[in-house]
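As C-alpha cells, the structure follows; a few thoughts come after it.
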Amino acid sequence: MGYTGQQLLNHLQQAGMEAIAHGELPSDLVGVAPLCQSNQQQVSFVSQAKYLKQLHATQAGLLLLNPSWLDQYTLDCPAILVADPYAAYALVSQLFYPNPRQASGIHPQAVVNRGAQIASSAVIGPFVVIEAGAVIGEDVVISSHSRIATGAKVGARSRIDNNVSILHYCEVGEDCHIKSGAVIGGDGFGFAPYQGRWLKIPQIGRVLIGHRVSIGSNTCIDRGALKDTIIGDDCIIDNLVHIAHNVEVGQGTAMAAQVGIAGSTKIGAYCVFAGQAGAVGHVTIADKTTFMARGAPASDIVESGVYSGFPAIPHTQWQKSKVQIRKLNDLTQRVKQLEKKLAQFSTEGE
C-alpha cells in the first residue's frame, strides 16, 4: 500500500511527534530502505550524524532527519524533520508493513472448551487448545498449536504466535506479542532438600504480563511460588531469555538474548540487560540501570548507571581493571627480573 509524504507527516504528528516538512513532499511512496539502496518511491532515514556523509549517494524519495543536521548538510531532496528519526522510521514502517491478519473466527481444527470466553473478533488458528475459563479479548490472534490453559487471559489485540504455552491463570495484557515457543507460567524451580532427595514445592503463583510487552521465541517466564511473577508495561524481552519465579520486572525494561534472571529479583523501570547478562536471586536493581554483556549483580544495585562484569561493578571501573589485567603478564616478568637482581645483589653483598 502506498502513501503520500503528507500522509506520513500527518501520521507522525498524530503520534505526538513534532514533525515538519522540508521541501515538496512526494505523492507516491511504497516502502522504506537503507540510504544507499533506496529509490524515489522509498523512505530512508539518518539515525546518527555519522551517517550524514552517505546522503550524497541516496536516491530516496523522502528522508527522515533531525533538523539540527541541516546546519551540517545542504539537503537537496524532500524530508520530514523530526527530533528522533529512528522512532519516526519505526512508525512509518508500521504503516507500510502491517502484520498480516486472517479472517476472524475459530478454525475447525482448534479445540475450545465451552467454558472459554472468546471475543467474536479473535482469530483462533488450527490445533490451538483453549481450556475452561480462559478469556480471549477483542482482535486477539492465536496461531497454530498454541495452548491457552485453564483460567488464562489474553488482552485485546495481542498476538500469540505458534507453539506458545500460556499456562493456568496467567494473564497477558493488551497489545502484546508473544513469539513462537515461549512458555508463560511454567513451574518455577522450587525444590526442598530432604534426606538426600528433592521435594517438589507446588508453584501456586501466576505470571502477570502488562500491556505492549514483546516476548521473544523460546523465552520462559516461570510462575511464582507463592506470589506472582510480574512483567511491567512496555517491556521488550528477546529470544531465549529465562525469568525465574517471583521476579518483578519494571516498566520499559529491555532484555537481550540469553539473559537469565534468578528468582525473587526485583528489577526497576527502564533497565537494560545486554546479551547473556543476568542477576542472582533476591536482589533489587535501581531504575534505569544498564548491565553490559555478561554482566550480573551479586548484590543490590542502589544507584542507577552502567555496570559490567560479575560481580557487576561500574563500567568505567571495569574498563580500568581490564586494562590492568592485560598488563599483569608484563608486571609479572618485571617482578621476576627485579627478584633476580635482588638475589644477585644479596649474593654479591655476602
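The heavy atoms of residue 341 offer some 130 square angstrom of accessible surface to a 1.4 angstrom probe.
With 28 Å as the limit on Cα-Cα distance, the pairs of 53/327; 153/179; 288/320 that go past it are 53/327. Ordered from largest to smallest accessible area (heavy atoms of protein chains, 1.4 Å probe), the residues 255, 17 come out as 17, 255. For region 1-53, the orientation-averaged shadow of the C-alpha convex hull comes to 4.3 nm² (one quarter of the hull surface). Compared with the direct C-alpha span, the chain from residue 119 to residue 104 gains 4.5 nm at full extension, assuming 0.36 nm per residue.
Taking Lys and Arg as +1 and Asp and Glu as -1, the other residues whose beta-carbon sits under 9 Å from that of residue 212 total -4. Dividing the Cα radius of gyration of the chain by 2.2 N^0.38 Å, with N the residue count, gives 1.32. Every helix of 4 or more DSSP H residues in the chain counts as -39500 (n - 2.57), and over all residues that averages to -5000 deg cm²/dmol at 222 nm. When the residues 191, 273, 310 are ordered by accessible surface, computed with a 1.4 Å probe over the protein chains alone, the sequence from largest down reads 310, 191, 273. For region 85-193, the fraction of C-alpha pairs more than 24 angstrom apart is 27%. Straight-line cross-link partners of residue 227 among the lysines, defined as a Cα under 16 Å from its Cα and at least 8 positions apart when in the same chain: 266. FRET efficiency for the residue 339 to residue 304 pair, using the beta carbon distance and R₀ = 51 Å, is estimated at 0.65.
Work the Kirkwood hydrodynamic radius out for region 80-128: mean of 1/r over every pair of different alpha-carbon atoms, inverted, in Å. One over the average 1/r among Cα pairs gives 13.9 Å for region 80-128. Probing with 1.4 Å while keeping every protein chain in the model, the per residue accessible area of the chain equals 54 Å².
Taking all Cα pairs closer than 8 Å and separated by 6 or more residues, the relative contact order of the chain comes to 6 percent.
Under a model in which nothing but the beta-carbon of Lys, Arg (+1) and Asp, Glu (-1) is charged, the chain shows a dipole of about 1180 debye around its Cα centre.
Of all the accessible heavy-atom surface of region 2-135, with the other protein chains kept in place and a 1.4 Å probe, what percent is carbon and sulfur? Carbon and sulfur together cover 50 percent of it. In the calculated pair-distance distribution of region 1-120, the portion above 18 angstrom amounts to 54 percent of the Cα-Cα pairs. All other residues whose Cβ lies under 10 angstrom from that of residue 229 are scored, Lys and Arg at +1 and Asp and Glu at -1, for a net of 0. Of the three principal axes defined by the Cα atoms of region 206-347, the extents in descending order read 76, 29, 26 Å.
For residue 3, the solvent-accessible surface with a 1.4 Å probe is about 30 Å², rounded to the nearest 10. Along the axis of the charge dipole computed for the chain (Cβ charges of +1 for Lys and Arg, -1 for Asp and Glu, origin at the Cα centre), the listed residues 117, 83, 276 are led at the positive end by 276.
Accessible surface of residue 69, taken over heavy atoms with a 1.4 Å probe and every protein chain present, rounds to 30 Å².
The values are calculated or read from the model by the stated rules, or taken from the named source; none is laboratory data. Every value quoted in this text rests on a predicted model; they were computed, and no experiment measured them. For neighbour counting, all protein chains shown are included, and Cβ atoms are generated from backbone atoms with ideal geometry for every residue, glycine included. Keep in mind that these areas ignore ligands, DNA and RNA; they rest on the heavy atoms of the full protein, side chains included. Shrake-Rupley method; radii C 1.70, N 1.55, O 1.52, S 1.80 Å.
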